[in-house]
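Here's the structure we're looking at; comments come further down.
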Amino acid sequence: MPPATVNLTEAARYVQVFKISGFTATKEKPRGYTASRACAVGGHDWQIEFHPRIWRQSFGNVSHDWIMFRARLMSKGSSGVSASFTCRLVDPTPPANSPEETKSSILRDNGSLDVFLVRLIDLQSQRYRKPKDDCILVQCALTVLEPKKARSPSDAMAASAPSSDLHEQFGELLRSQEGADITFVVAGESVPAHRSVLAARSPVFMAGCFGDMGEKAASARVEVHDMEVGAFKAMLHFVYTDTVPELDDQKGEQATLLAQHLLEAADRYGLERLKRICVDELCAGISVGTVATTLALAEQHGCSELKSKCMKFILDAPSNLHAVAATDGYMHLEASCPTVLSELLKLMLLKGQEQ
C-alpha cells in the first residue's frame, strides 16, 4: 500500500518599512496612489500601494478620509492564493484611541488585500510625525501560505550532515564585539552591535541603520529610551542567535516580567518571532499579580490571543477580579487602557445574564 499523502503548507513572509515624507501636503492630494516595486512572496509577484486619501463611511452619517495600504497580487492566473497583510505605524507614542495594527486576510476579486490604517485627520497630530521632515513610517508585512515541497534525495543526504552552529557563531560575534560599528546607549550603559546583522533581522533596524532617516543613519551612537538594558540585551541576543535563553533562566513572575519587556521590544523593532515567543510565555504565566499589566500590553501591541486569555482569567471567578483590582498593575491598566475595562464590564454583565 503506498504511503498516505499529507498536504502541508509553509508561510513565506515579506516585511518592509515605508517612509512617507511631506505628509502634511497629503491632505491636498487627489485620490491616487503610489506603488512600490514588485516583490516575489510565496511564489507570486506582489506590489504594495499607498493610497493617501480613501473615502470610507465611519459611524452614523459621519465620513472621513483614510490612508490605505494595499497588497496587490500581480501574477496572472494565480488562483486559490491564501495570504494576509498587516500594517502598523512605527511610532512609540501613538494616540490611545488609534489602532496599533490593522489586518486584511481576504483576497478580493481584484487580487488585493486592503488595510484602512488610520483616519487622515488623526495623522495631523504631531505625535505621529517626525517634525524635521514631516514624515511617517509604516511597517507593512505580507504573509503568503504555499504548499510545502516534498523532500528530495539530496535533502535526505543533508539530514546526515552535522547540525548547524550558525547561531553559536553569531552569538560569539556579539560577545566578542569584534567589528562592532554601532553603539546603543540604554539606561546609561553602552551596548555595541553590528549594523548589518541588525538590518538583516529587523526592518526597523534596516530603516534606522541604512534608510533615509537623517542623523540616525550616520550616527554610530544611538540613545534608546524607555527600555531596560537587560531586556535590550536579551533582544539583541535573539537577533544574533534566534534564541532567548534568558527566558529559560528565569522562573515564575520574573520570567513573566522579562517576557513583558521583551514583547514591547519585539513590537518596537518588528521582530515577529520573538513577539510570538513572548506571547506564549505570557499566556503560560498569567497570574493575579501579572494579568493586569499583561492585559495592557496585549491591548497596546495588538496581541488578540493574549488579551482574550487575560480577560478569561479575570472573569473566571469573581474573586479573581477583586484580587486583580488590588494590584498596581490594575492602576496601570485603568490609566493606559480604559476601553479594556469597559469591555470587561460588558462581558461581566453578559456572563451574569447567562447564569
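The values are calculated or read from the model by the stated rules, or taken from the named source; none is laboratory data. Note that the coordinates shown come from a computational prediction; the quantities given were computed from them, not determined experimentally. SASA here: full protein model, heavy atoms, side chains in, ligands and nucleic acids out. Shrake-Rupley method; radii C 1.70, N 1.55, O 1.52, S 1.80 Å.
Key figures
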| item | result |
| --- | --- |
| Restraint check, Lys251/Lys307; Lys19/Lys76; Lys275/Lys307; Lys275/Lys346; Lys251/Lys312, Cα-Cα greater than 25 Å | Lys19/Lys76; Lys275/Lys346 |
| Solvent-accessible surface ranking, highest first, for Ser319, Ser287 at 1.4 angstrom | Ser319, Ser287 |
| Normalised contact order of region 208-355, rounded percent, pairs of Cα under 8 Å and 6 or more residues apart | 15 |
| Pairwise centroid distance, computed over Cα atoms, of region 240-287 with region 173-191, Å | 21 |
